[in-house]
Amino acid sequence: VKRARIVTLLTDFGLSDPYVGILKGVVLGIAPEARIVDLTHDVPPQDVLTGALLLERSARWFPEGTIHLAVVDPGVGSKRRAIAIACRDRTFVGPDNGLLGFAAARHGVVRVVELANPAFRLREVSSTFHGRDVFAPAAAHLAAGVPIERLGPRLRRFERPRWPFPRVAARRTTGRVVLVDRFGNLVTNVEREHLPRGKIAVSIGPFRATRILSTYEDVARGELLAIFGSFGLLEIAARDGSAAKALGLGIGAKVVVEAVAR
Amino acid sequence: VKRARIVTLLTDFGLSDPYVGILKGVVLGIAPEARIVDLTHDVPPQDVLTGALLLERSARWFPEGTIHLAVVDPGVGSKRRAIAIACRDRTFVGPDNGLLGFAAARHGVVRVVELANPAFRLREVSSTFHGRDVFAPAAAHLAAGVPIERLGPRLRRFERPRWPFPRVAARRTTGRVVLVDRFGNLVTNVEREHLPRGKIAVSIGPFRATRILSTYEDVARGELLAIFGSFGLLEIAARDGSAAKALGLGIGAKVVVEAVAR
Amino acid sequence: VKRARIVTLLTDFGLSDPYVGILKGVVLGIAPEARIVDLTHDVPPQDVLTGALLLERSARWFPEGTIHLAVVDPGVGSKRRAIAIACRDRTFVGPDNGLLGFAAARHGVVRVVELANPAFRLREVSSTFHGRDVFAPAAAHLAAGVPIERLGPRLRRFERPRWPFPRVAARRTTGRVVLVDRFGNLVTNVEREHLPRGKIAVSIGPFRATRILSTYEDVARGELLAIFGSFGLLEIAARDGSAAKALGLGIGAKVVVEAVAR
């Protein structure tokens, strides 16, 4: 038996309006066996970069063959292209505005096509909701087994925003907060490989940590700590509390990791 | 192979409480193959009219055979009837308080029944949660293939609230905002067919548009525009921003479309 | 045909971050046929007791064989154990911090195991997200048919917080509000069996009811009433309004039910 294909959704539509539901209706009308999974619909409205980061950090947890549909699309109706990117083990569908760029690059791009074939769009395409009229049909046709080549002509390029790497010097790495989650964890752009060697100190706002700990329980309740979180990124967290609230910091806040004398 | 039936859910339950999850448990207990899709659970509490509008605008995007379960039910436990409405290509289930009226009328009513047969309810029916005890079981039995006739006696009527049409005069159409979405778009009740002929101007609060544009990119970032949005209704939007916030307007705000001298 | 197993999710992750979606990706990677249903993800962050109450009140509505995955896990990364509890007709998976205690006890515990077998975890287990690395894989393997015995060694005990029973005296029951739902209903811990015999009065804040009514329609719009709600618990509600707002009360508020002279 062929496995039903998983279609994940990442948008900035929120869940209060019926937009996400409508998009699912379109997918299931074309690919009745598709398994639809919401990644998140709370990307800040039209914040392509945050959407791109979340997609990159999330896609790896889905099995081979997954189709990742993503729509954060301030340029809907303009000349920005609609694309699908087949990678080694999964496919991304969405606007060519950088939203797919990080994730696609991470998974090994095999082929990029423009979603130009009207046979795989809805009959009428609005100028305001390509999620429904262009992207959902494309993802659904892929889930139903249509080869990506049929969706449109091959492209040689797609938008790749620059990953917001931290500034790495010999003894000092300067990063910033790129996400704040529901628990108030301040998620930075610093990965393990960006750390200076040897003994280090982490500074963010008024907080200074002299170690990166490995569990929340290494500090007392309410206390702050630096830890590599579930995204594989350095986080500033408060045990059983919100670091964002405790420090009054949010996206963009600077974090410095320095080598210190032993 | 028979396709698994889709059951869509539209409620005012929100997602913070487990009510929606419980309702899905009941559906899957009766119809294990049903495909459940959330349309929205953020209808303002007990706002039947908004629920009715959203259901009407959303149902059309789902494939033939879909069962649309809707629960916005301030009269739960009273004498308001519980009904199912079979239309030409889909079925609606919910309280007979107007919630289903717009959508059912749009899709060609074939048969209306009262959900009176206790065999297709839960054994115990509470007086506060018919979504779980009456509507979900009915929708699930329909999804599992029970003919609508078995759910209860035929009714000749069902509640049909008046669609909030705009006031249309020869050279002037007066509508109002009926929805505000997550992006701050002010969605009005004005459809294309309500527009005066010829050159027109759109006025809402302090904003006046001399054209209805076709993409957001026709204006600069942050600027307001009038556009027919994805619901097929005239919207006032702000490119990459919130028209609701920019204008300080919301549901009920008056919009006027006038013919202007060329 | 074997029914696809239902996996329900109850967490404090919220829906804004991709954590819930990632968890589903892990489940579907292991058990592609699992039917995943969200119970709620809005348990207040790290509020194990509220999570335990909601799980206990919700699980019964799901069919036999359901696997209930629950993650409210302030002690992640510490020595608290990860467990699965097989009950007569369903299985619970989560941290051994009391979260599963009420629900498991309600459904007749058959076997408890510690999720210690690395074959049924992800290869790398983080210290911050056992929902993804430990609990989701365990639930998925159970859904895919792995016998619970294989997940790890049998335990003789699991954490069972004390259910917050009201104080019941001969003529006076003193309870408290344990949940406030989206409609502003004040849900108390008082069940029918806790009521004094005969004629009673219910007092909460400034409100006094001399009867427990059976439908919202027994009072005028906006008026307060006492009613046994859909959780099987005494609720203070406002018809077409919010009792929480009307009374300015929330979780922890005291409710007294007294026998009154006839």
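The values are calculated or read from the model by the stated rules, or taken from the named source; none is laboratory data. Small disclaimer: the values here were computed from a predicted structure and weren't measured. Counting neighbours? That spans all protein chains shown, and the Cβs are built from the backbone with ideal geometry, glycine included. Just so you know, the surface numbers come from the protein's heavy atoms only, side chains and all, with ligands and any DNA or RNA stripped out. Shrake-Rupley method; radii C 1.70, N 1.55, O 1.52, S 1.80 Å.
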Of all the residues in chain B, which one has the C-beta that comes nearest the axis relating B to C, and what is the distance in Å? B:L15, 4
Once the whole set of protein chains is in place, how much accessible area is left on C:F183, using a 1.4 Å probe, in Å² to the nearest 10? 40 Å²
Solvent-accessible area buried by pairing B with A, both sides, nearest 100 square angstrom, 1.4 angstrom probe: 2600 Å²
Computed over the stretch B:1-99, the Cα gyration tensor eigenvalues, each multiplied by 5 and square-rooted, give semi-axes in Å (largest first) of 21, 16, 13
For the stretch B:97-151 and the stretch C:119-168, what is the separation of their Cα centres, given in Å? 38 Å
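Take the cross-link list A:K79/A:K254; A:K24/B:K24; A:K245/C:K245; A:K199/A:K254; A:K79/B:K254; B:K199/B:K254 and give me the ones stretching past 28 Å between alpha-carbons. The partial results should precede the final answer.
Details: A:K79/A:K254 36 Å; A:K24/B:K24 17 Å; A:K245/C:K245 26 Å; A:K199/A:K254 20 Å; A:K79/B:K254 33 Å; B:K199/B:K254 20 Å.
In this structure, A:K79/A:K254; A:K79/B:K254 lie more than 28 Å apart at Cα.
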Accessible area of chain A belonging to carbon and sulfur atoms, whole % at 1.4 Å probe: 47 percent
Rounded to whole Hz, the Karplus (6.51, -1.76, 1.60) HN-Hα couplings of the stretch C:88-99, x for glycine and proline: 3, 10, 6, 10, 10, 10, x, x, 8, 10, x, 4
Solvent accessible area, Å² - A:V219, 1.4 Å probe, full protein context: 20 Å²
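Chain B: D in µm²/s via Stokes-Einstein (Kirkwood Rh, Cα pairs, 25 °C, 0.890 mPa s)?
D, rounded to a whole number, is 125 µm²/s.
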Using alpha carbons only, what's the Rg to Rh ratio of the protein assembly as shown with Rh from Kirkwood? 0.97
Taking all pairs of distinct alpha-carbon atoms in the stretch B:10-66, Kirkwood radius in angstrom: 12.5 Å
Could you give, in nm with one decimal, how far C:R197 is from each other copy of that position, shortest first, with labels 7 Å out from Cα toward Cβ? 8.3, 8.3
In the stretch A:1-71, the chymotrypsin sites (Phe, Trp or Tyr not before Pro) that sit in a DSSP loop and have at most 13 other Cβ atoms within 10 Å of their own Cβ are none
Here the correct list, in nm and shortest first, of distances from A:P118 to the same site in the other copies, label points 7 Å along Cα→Cβ, is 5.9, 5.9
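If you take the square roots of the eigenvalues of the alpha-carbon gyration tensor of the stretch A:135-261 and sort them as a ≥ b ≥ c, do you get rounded (a/c under 1.5), prolate (a/b over b/c) or oblate? Show your work: numbers first, answer last.
Details: a/c = 2.98, a/b = 1.96, b/c = 1.52.
It is prolate, given that a/c is not under 1.5 and a/b is the larger ratio.
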For q = 0.13 Å⁻¹, Debye-computed log10 I/I(0) when each Cα of the stretch B:75-163 counts as one equal scatterer: -0.37
Considering only protein heavy atoms, what is the solvent-accessible area of C:R57 at a probe of 1.4 Å, reported in Å² to the nearest 10? 10 Å²
Förster radius 30 Å - calculated FRET efficiency between A:D47 and A:A201, Cβ distance, rounded to 0.05: 0.45
If you put a point 7 Å past Cα along the Cβ direction, how far is that point for B:A105 from the same point in each other copy, in nm, smallest first? 5.4, 5.4
Going by Cα centres, the stretch C:188-262 and the stretch B:3-18 are how many Å apart? 28 Å
Per the helix-only calculation at 222 nm, which mean residue ellipticity applies to chain B, given -39500 (n - 2.57) for every DSSP H run of n ≥ 4 and division by its residues, nearest 500 deg cm²/dmol? -4500 deg cm²/dmol
In short, the stretch B:4-33 residues buried by 50 Å² or more of accessible area relative to the isolated chain (1.4 Å probe) are B:L15, B:S16, B:D17, B:P18, B:Y19, B:I22, B:L28, B:P32
Per the 1/(1 + (r/R0)^6) rule, R0 = 60 Å and r from the Cβ atoms of B:E258 and B:R157, FRET efficiency to 0.05 is 0.95
